[in-house]
Amino acid sequence: MERIPITTEGYATLKKELERLKSVDRKEIVLAIEEARSHGDLSENAEYDAAKERQGMIEARIAELESKMGRFQVIDTTTLSGEKIVFGATVVIENVETSEHKKYKIVGPDEANISKGTVSIMSPLARALVNKKAGDEVIVQAPGGDIEYEIISVEFN
C-alpha cells in the first residue's frame, strides 16, 4: 500500500471535510431526494435527478477520502529544518528568463493548490527542486517547454 505524504494541516482539513460530508451533506441530500420524490413522476423530475447525481458525488468523495485516510503519512512540517528542499519546504524561486519571483510550499497531492502557493511533491516543479538548495539552478520540464529557475531561498515554517 503506497503512503501519501500530507502535512498536519492538510490532514486536519481533509478529516474535517470527511466529517462534514458524512454528518451534514449526506443528511441534506437525503432530505432533498425525499422532497423531490414528493413532487410526483420521477421520470421527468429534474430536481430528483440533480439530487441523485449530487448524492453520487458525495458518496464518491466519502469513499475516496476514507480509502486515503489510512494511507496518509502525516508529516509535521514545523519540525523540519535544513538547507535542502524536501517535503514541507517553502521556496522562493526566480524565473531566470523573466526575473519573476514565486513562492511555493511543497505539500502532498491532496492539498496542493497553486493559487494558494502550494505545489504537490509529485509535480514537475517540486521534483526538480527536491534535494536542491538556495543558489542552485533547476530546469523544470513544463507542458509549454523547459523553464529555468534559480532558487532564491529555502525555509521551513
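Residues checked against (1) of a type outside the set (V, I, T); (2) touching a residue at least 24 places away in the same chain (Cβ under 8 Å); (3) in contact with a Pro (Cβ under 9 Å, 6 or more places away or on another chain); (4) outside any loop (DSSP other than H, G, I, E, B):
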site: E28; (1), (2), (3), (4): yes, no, no, yes
site: G40; (1), (2), (3), (4): yes, no, no, no
site: E53; (1), (2), (3), (4): yes, no, no, yes
site: E64; (1), (2), (3), (4): yes, no, no, yes
site: V86; (1), (2), (3), (4): no, yes, no, no
Inset, instruction - Using the structure shown, decide if D49 is in a helix (DSSP H, G or I), open to solvent by less than 30 Å² (accessible area, probe 1.4 Å) and either without any contact (Cβ under 8 Å) to a residue 24 or more places away in the chain or under 27 Å from K116 (Cβ atoms) (or both). - result: no
Inset, instruction - Consider T90 carefully, then state whether it is of a type in the set (S, T, N, Q) and either closer than 23 Å to L125 by Cβ or in contact (Cβ under 8 Å) with a residue 60 or more places away in the chain (or both). - result: yes
Inset, instruction - Go through the stretch 121-157 and give me each residue that's open to solvent by 30 Å² or more (accessible area, probe 1.4 Å) and assigned to a helix (DSSP H, G or I). - result: P124, R127
Legend entry - Residue that is over 26 Å from the mean Cα position of the chain (by Cα) and either among the small types (G, A, S) or farther than 22 Å from S67 by Cα (or both), where the choices are A12, A51: A51
Inset, instruction - State all residues of the stretch 92-106 that are open to solvent by less than 60 Å² (accessible area, probe 1.4 Å) and either over 25 Å from R3 (Cβ atoms) or touching a helix residue (DSSP H, G or I) at 6+ places or on another chain (Cβ under 6 Å) (or both); if no residue qualifies, say none. - result: V92, I93, E94, N95, I106
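The values are calculated or read from the model by the stated rules, or taken from the named source; none is laboratory data. Treat the numbers as computed from the prediction; the structure is a model and nothing was measured. In this analysis, Cβ positions are derived from the backbone assuming ideal geometry, glycine residues included, and neighbour counts consider all displayed protein chains. Ligands, DNA and RNA are excluded from the accessible area calculation, which covers all protein heavy atoms including side chains. Shrake-Rupley method; radii C 1.70, N 1.55, O 1.52, S 1.80 Å.
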